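Undergrad: The structure is given below, and queries will be raised subsequently.
The values are calculated or read from the model by the stated rules, or taken from the named source; none is laboratory data. The shown structure was predicted, so the numbers you read here are calculated from the model rather than taken from an experiment. All Cβ positions, glycine included, derive from the backbone under ideal geometry; neighbour counts span all protein chains shown. The protein model used for the area step is the full one, side chains on, heavy atoms only, and it has no ligands, DNA or RNA in it. Shrake-Rupley method; radii C 1.70, N 1.55, O 1.52, S 1.80 Å.
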Number of protein chains: 2
Amino acid sequence: MNRTFAILLSIFSVPFLLHAQKLPITWTKVATGVWKASIGQPQKFDLLGAAGIHPQTKALQTLGEADFPLPKVECIAELQQGKVYLRFPLEKEEQLFGLGLNFQTVNQRGRILDLHMDHYGGTDNGRTHAPVPFYVSSKGYGVLINSAEYLTVYAGTGLRTDSKHPPKIYNRNSDKDWDAQPYSDVMEILVPANGVEVYVFAGNSPMQAVQRYNLFNGGGVLPPKWGLGFTQRVPTLSTAADVRKEVADFKLHHFPLDFIGLEPGWQTKSYPCSFEWEPSRFSDPAAFIKEMKDSNSIRLNLWLNPYLSPSSQHYPQLTKYAGTHTVWNGLVPDLNMPQAVNLYKSIFTKNHINPGISGYKIDEVDGYDNWLWPDVTSFPSGISAMQMRQRFGLQLQSLTASWFKEKNIRTYGLVRGSNAGASSLPYVIYDDYYNHRDFITALCNSSFIGVLWTPEVRSSPTAEEWLRRMQAVCFSPMAMLNAWSDGTKPWTYPEVEQQVTDVANLRMQLLPYIYNAFAQYHFEGKPPVRAMNLADSFYYAGEATSAALNSVTNPYPLAIKQDIKDQFLLGDDLLVAPFFAGEQKRKVILPKGNWYNFYTGAYAGNGEVIEIPATLDHIPLYVRDGAIIPMIPAMERAPRKEEVWPLELRHFGAAAGKLSLYDDDGESFDYEKGRYMHYQFSVIKDANGKWQGSVTTDNPQQLSPQYNHFTFTFMGQ
Amino acid sequence: MNRTFAILLSIFSVPFLLHAQKLPITWTKVATGVWKASIGQPQKFDLLGAAGIHPQTKALQTLGEADFPLPKVECIAELQQGKVYLRFPLEKEEQLFGLGLNFQTVNQRGRILDLHMDHYGGTDNGRTHAPVPFYVSSKGYGVLINSAEYLTVYAGTGLRTDSKHPPKIYNRNSDKDWDAQPYSDVMEILVPANGVEVYVFAGNSPMQAVQRYNLFNGGGVLPPKWGLGFTQRVPTLSTAADVRKEVADFKLHHFPLDFIGLEPGWQTKSYPCSFEWEPSRFSDPAAFIKEMKDSNSIRLNLWLNPYLSPSSQHYPQLTKYAGTHTVWNGLVPDLNMPQAVNLYKSIFTKNHINPGISGYKIDEVDGYDNWLWPDVTSFPSGISAMQMRQRFGLQLQSLTASWFKEKNIRTYGLVRGSNAGASSLPYVIYDDYYNHRDFITALCNSSFIGVLWTPEVRSSPTAEEWLRRMQAVCFSPMAMLNAWSDGTKPWTYPEVEQQVTDVANLRMQLLPYIYNAFAQYHFEGKPPVRAMNLADSFYYAGEATSAALNSVTNPYPLAIKQDIKDQFLLGDDLLVAPFFAGEQKRKVILPKGNWYNFYTGAYAGNGEVIEIPATLDHIPLYVRDGAIIPMIPAMERAPRKEEVWPLELRHFGAAAGKLSLYDDDGESFDYEKGRYMHYQFSVIKDANGKWQGSVTTDNPQQLSPQYNHFTFTFMGQ
């Protein structure tokens, strides 16, 4: 074999020295508005395969037929010394969003990204917790490179000599307009493999391209209702008694709580992990889990990293199905070997899922390099170390979710590494980085790439920052307090305790609205949190401010580009504009149409930039004209399926309104068999000019309705 | 061809999915104490080929025979999916130096580096101006990976399941000694190509391994004497008259000056460049160059970046021999095509070298990514964009140096990108980064990897920092002021003008010593500036300080390692311990043996750490016991070959001393034909206990001696 191989190698080395060779591209329609091209010899281990996607073909059909959104002759692939070089044309003023979970920038045009699974290191360079190789254009199309290699993306930086729209030539000696980064009309991607699958998604808007992407990936996740309530994590060596006390403390403070996360100490060993309960802290896990659920309606989430401790009885069995390198001495399971998957499934099912655990926090599947397996690791399935790294978090999400799903139980957990195809996976990304502004930018960016992100609250140097962080996290996919190490509680700062409680209660009141937003994610592909760039008919020119030449800090006068990254939409109708600690005022960009203050109903503006003063009491929220916001009373936990709640419908503005509110049992997958219903609310003015609200339901499967009493509040009066 | 290629590809894809395959390694002795292994199918375009090295085989012989310094069976290569995985064993306590021009760390053990040509971005991650894939071990051997690919180096971080020295297993739940980075016994390197050449250099010390590396690369550069004098650069749009004025200003202030650098505006066009003189600023370049040299003994250096402007008449001719992408609209010459080289040679010779220019400042051959050609660029020679990037600065150095050498003229210039094999190339690396401490760390690190670095002075917020930077740059390979943009002059801060002048004068006085250090670099391979880790019998344990766990900034309690990076040796006998702005005192680590204060001759210590108070007057310098430091009077320019100077010999300490002082014409390559001489100085105590100095010369070629009068000063009295 070795000899044949050597001969092949020597033959093969000849074409490597030739010029770049064009590779044919054939675009095949794979769903309505979605095309695929298999270029060269695509790799066996890609991203969508790891995510295990099931396209929602019917929902894609409802978005309608569309033309291929790019000029095909300008979509080019070449083979360069064993690597695929892709290029796509860019138009003037076209903006590009996505390309990984970025924390500081939104429009990626003009940037270079090495998409590489890693912890976020403070720079948007492609190394991030979700290095998703998908971008959506402001022109209304999306492109996915379905490759688990480390991709380099030149998002409109390269200057080809054969460019159709070459940049102007300046003489830096004499031309003031000389630009360190001249205009580029091309998107270029280097795939370090001899083949790749590319998907193109059509859209009449950036949102529609995102919808197609999410629907193609199975539709967005619909979390269990409890997953949208408040969550807290407890110190690593907490015992069952400590957890009971924490729950009691939350009750005492009337602070909402739906699930508790146990950190490493629930296990006998951690870093690497045994995945087994430590009996001195949890003597009867199943009984404790039941007690928590029955008496307090509290679910439990388990931290783990997926590296098996040598102390485990399963260690010898896994060695054959693990990588050549360990992480902190723990084996790295090759999740492409059925034996490894089956072993993990049996351990996790027996120890965690059967006793009633509701979800996981999957840690350290991202980086950083110094402890993750190196790129020289080999795995028994033949997957490369790099492919393994890009896919590992995705595979763990997909596998663990499937183990819950086999029991018809929805889960909702945390993960530190994700990638393309994750839309339907019930995990929210978190990390160790901790910049509040950047956390909100990440929230915006998550909406382009089919992932969820939580700007978790971990600690704070001041009461003000504590409040600002708590306010923002309550308008995110997971309202998480993760201050177990620091010890801060929601009520730690008495001067803002009331405001912190208020915003947590507001989150609880808005659960029907938030759940509806997730239903949209699932059935229509619209993400629950949305960057402003995904708002209807919204285009932000993103001014570039030229910065002064400075021989020390900016020797090539690089311009600074502006993005909208400090405000976002939650669902169709709410605009969230969080304050950051230290701010006395802020600007809010309102899209076209009338917008109203959520708290007062007052008119706020229309297609304009408003400036508002900071108050501690509220996180600024604006509501679209005619919107109906469904709310329940503030309770200390999310509604359970057997319960019946009154519903308040708040109508805003001067326009008539309609709301279709999705509902189901909130915890099983029966909705996939049609076991769901809608409430149809409408608000119109009667003949006397008075607002009138009405409600109808469709409930074909005769579900027991969660809401039985409807009150309309007209904020516009 | 395309069809054959596709068939080959499809056959080839099978072995890619197999496990890692062992590649045989055969170590062949290529020089005394130097071995090479060709593993797999090494690439055509490597680093040493770009540098154009000529091993100094005789000098290597004088270092003596040596055994292969590593256990051969533990040096392993595997082919993993078309990539070569190399690994070498590491011993406990072994330290690793080199691996690129790092700015913040010295010992690289426990670090991961992606060796990638780039500007330095503030983190030692392998992206730097000289990503040299060479490391030297504290055990006394060196390893060079002669590859122009982007290499990933795991310098003792990987934990193999088959490790012979596995780390201890801890339970993070309960073991305080749990370490985020467990002990690793392996050096691992990923070469993204199917073959690679590896060189191993033996040594009885780290210094000897470095010597072998430098001698194998042709021996270190011997600069022209004027290159070691002081240099200043003038504002970009300076005219001939402006340059005359600058020279006059230096004369007026009696500040030394040997060469002046012209920034972009000497050309008709820059960014991209025409390489042609702008007649409105320099109407008769040859006459001006001659005037400068004849009347003031001033040489001229020309800034350029190597990207050809579309305005150039040569542009159409170069298009066929350039890359598919431009840099700022300028063509990137494929320096592997003789046509491109010949074109550049003819332009540079005609426009610059023939008229008398003395050297270049080669800018922007490093990065950053946003304006360099992207990795998707293809070049007519078939070199990949990545190989081109790793080699480009090296090739430009080698080519331009050869154009001067053809005229038997030494040059000495500046470059922003270098790599392995550069030891003999007459260029000093500089950059845009500007942290004084990190500049000194880079100075230390340059000594491991056969490159030169200047901690150039660009600007300063305070007089103190200005002085501190000027003091340090005077003890570096190029005493450069580069404040053309900022406008600061050596005399700008009156409160430190005297001290700045003093240290510049001291540099000029020490030129015989510094030139001798460079002669050692050339003939013996010992770098002129040396990290402490290269000092004889010197070993620094480099304590690791454990840092506190912090959920926000240090969630995995990573220890902080200590290095000696704020002091260095210049030549054999001087220890330089610069102060940084704001310091009131500092520690100096003195190696074993008695050390003496340069300024007073007083005993300073022996194998110990001393603490010294800051004074503005002097940069702390210590001299080895028995050392003889040769000095000339302070003059405003370096000695020219026709001149005769008196020489002072300063003897330090209590031990008898010897000094062999190299000399030659200081500007031609005649030394390669043996046209050099040595002065042999010795100092001994006579029968009365009085110091007596003596001098003999060897001057086989009857050179006209530069020094004719010798005075001994005994600092130990």
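Undergrad: With θ taken as phi - 60° and the coefficients 6.51, -1.76 and 1.60, list the Karplus ³J(HN,Hα) couplings across the stretch B:140-153 in order, rounded to whole Hz; mark glycine and proline as x.
TA: Working through the residues one at a time gives x, 8, x, 10, 10, 9, 7, 10, 9, 7, 6, 9, 10, 10 Hz.
Undergrad: Using Cα centres only, tell me the gap between the stretch B:123-139 and the stretch A:631-671 in whole Å.
TA: About 59 Å separates the Cα centre of the stretch B:123-139 from the one of the stretch A:631-671.
Undergrad: I've got another one for you. From the helices alone, meaning DSSP H stretches of at least four residues, give me the mean residue ellipticity at 222 nm for chain B, per-run term -39500 (n - 2.57), in deg cm²/dmol to the nearest 500.
TA: Counting only the DSSP helices, I get -6500 deg cm²/dmol.
Undergrad: Which residues' amide hydrogens lie under 5 Å from the amide hydrogen of residue A:714, considering only partners 5 or more residues apart or on another chain, with H built in the peptide plane?
TA: A:651
Undergrad: Using θ = phi - 60° and the Karplus curve 6.51 cos²θ - 1.76 cosθ + 1.60, what whole-Hz ³J(HN,Hα) does each residue of the stretch A:622-631 get, with Gly and Pro shown as x?
TA: 10, 10, 5, 4, x, 5, 10, 9, x, 9
Undergrad: Between beta-carbons, use under 11 Å as the cut-off and find the net charge around residue B:623, counting Lys and Arg +1, Asp and Glu -1. All intermediate terms of the calculation are to be shown ahead of the outcome.
TA: Numbers: positive: B:624, B:650; negative: B:572, B:573, B:625.
Within the 11 Å Cβ shell, the charges total -1.
Undergrad: Taking H placed 1.01 Å from N in the peptide plane, check which residues at least 5 places from residue B:159 or on another chain put their amide H under 5 Å from its amide H.
TA: Those lying under 5 Å, H to H, from residue B:159 are A:326.
Undergrad: Treating only the Cβ atoms of Lys and Arg (+1) and Asp and Glu (-1) as charged, compute the dipole magnitude of the protein assembly as shown about its Cα centre; round to the nearest 20 debye.
TA: 2160 debye
Undergrad: Probe radius 1.4 Å, ligands and nucleic acids ignored: give me the carbon and sulfur share of the accessible area of the protein assembly as shown as a rounded percent.
TA: 51 percent
Undergrad: Longest segment of chain B with no trypsin sites (Lys or Arg not before Pro) in a DSSP loop having at most 10 other Cβ atoms within 10 Å?
TA: For trypsin sites (Lys or Arg not before Pro) (loop position, at most 10 other Cβ atoms within 10 Å), the longest site-free span of chain B is B:177-689.
Undergrad: Using a 1.4 angstrom probe, figure out how much accessible area the stretch B:86-174 has per residue, in square angstrom, rounded to the nearest whole.
TA: Numbers: 2400 Å² over 89 residues.
Ligands and nucleic acids excluded, the result is 27 Å² per residue.
Undergrad: Going 7 Å from the Cα of residue B:643 toward and past its Cβ, which residues in the stretch B:487-504 have a backbone nitrogen under 19 Å from where you end up?
TA: Only B:501-504 pass the distance filter.
Undergrad: Skip the ligands, DNA and RNA, and give the accessible area per residue of the stretch A:232-290 with a 1.4 Å probe, whole Å².
TA: Ligands and nucleic acids excluded, the figure is 35 Å² per residue.
Undergrad: Distances in nm, one decimal, shortest first, from residue B:609 to the same residue in every other copy, taking the label point 7 angstrom along Cα→Cβ.
TA: Distances to the matching label points in the other copies: 5.4 nm.
Undergrad: Follow-up question, since we're still on this one. Compute the accessible area per residue over the stretch B:628-715, keeping the other protein chains in place, probe 1.4 Å, unit Å².
TA: I get 48 Å² per residue for the stretch B:628-715.
Undergrad: Just to be sure I understand the interface: list residues from the stretch B:314-338 that lose 40 Å² or more of accessible area between the chain on its own and the complete protein assembly, 1.4 Å probe.
TA: B:324, B:325, B:326, B:328, B:329
Undergrad: Quick one: with label points 7 Å out along Cα→Cβ, list the inter-copy distances for residue A:54 in nm, shortest first?
TA: 7.2
Undergrad: Binning every alpha carbon pair distance of the protein assembly as shown at 20 Å from zero, what are the percents per bin?
TA: Whole-percent P(r) values from 0 Å outward: 9, 34, 34, 18, 4, 0, 0.
Undergrad: What does the buried accessible surface come to for A and B, summed over both chains, with the probe at 1.4 Å? Round to 100 Å².
TA: So the buried area, both faces added, is about 8100 Å².
Undergrad: Now for a different question. Put a point 7 Å out from Cα along the line to Cβ at residue A:699; what are the distances to that point in the other copies, in nm, shortest first?
TA: 11.3
Undergrad: For the stretch B:336-434, take the alpha-carbon Rg, divide it by the Kirkwood Rh, and send me Rg/Rh.
TA: 0.97
Undergrad: Give me the one-decimal nm value for the distance between modelled label points at residue B:687 and residue B:58, 7 Å along each residue's Cα-to-Cβ direction.
TA: So the two model labels end up 4.2 nm from each other.
Undergrad: Any idea what the dipole of the stretch B:225-485 comes to, in debye rounded to 20, about its Cα centre with Lys/Arg Cβ at +1 and Asp/Glu Cβ at -1?
TA: 640 debye
Undergrad: Amide H to amide H under 5 Å from residue A:330: which residues, 5+ apart in sequence or cross-chain, H placed 1.01 Å off N in plane?
TA: Counting only residues 5 or more places away or on other chains, the set is empty.
Undergrad: When a/c reaches 1.5 or more, the comparison of a/b and b/c decides; with that in mind, is the stretch A:628-715 rounded, prolate or oblate per its Cα gyration tensor?
TA: Working: a/c = 2.73, a/b = 1.74, b/c = 1.57.
Prolate.
Undergrad: Something else about it: Tell me, what ³J(HN,Hα) does each residue in the stretch B:484-493 have, in order and in whole Hz, if you take phi through Karplus 6.51 cos²θ - 1.76 cosθ + 1.60 with θ = phi - 60° and put x for Gly and Pro?
TA: Working through the residues one at a time gives 5, 6, 7, x, 5, 10, x, 9, 5, 9 Hz.
Undergrad: Using the scaling law 2.2 N^0.38 Å as the reference, what is the normalised Cα Rg of chain A?
TA: Chain A yields a ratio of 0.97.
Undergrad: Still on this structure, I have one more. For a 32 Å ceiling on Cα separation, which of these pairs sit above it: A:29/A:526; A:44/A:526; A:269/A:641; B:251/B:592; B:350/B:673?
TA: A:269/A:641; B:251/B:592
Undergrad: Let me ask you something else. For the stretch B:148-174, state which residues have at least 30 Å² less accessible area in the presence of all protein chains than in their chain by itself, taking the probe as 1.4 Å and leaving out ligands, DNA and RNA.
TA: B:154, B:159, B:160, B:161, B:169, B:171, B:172, B:173
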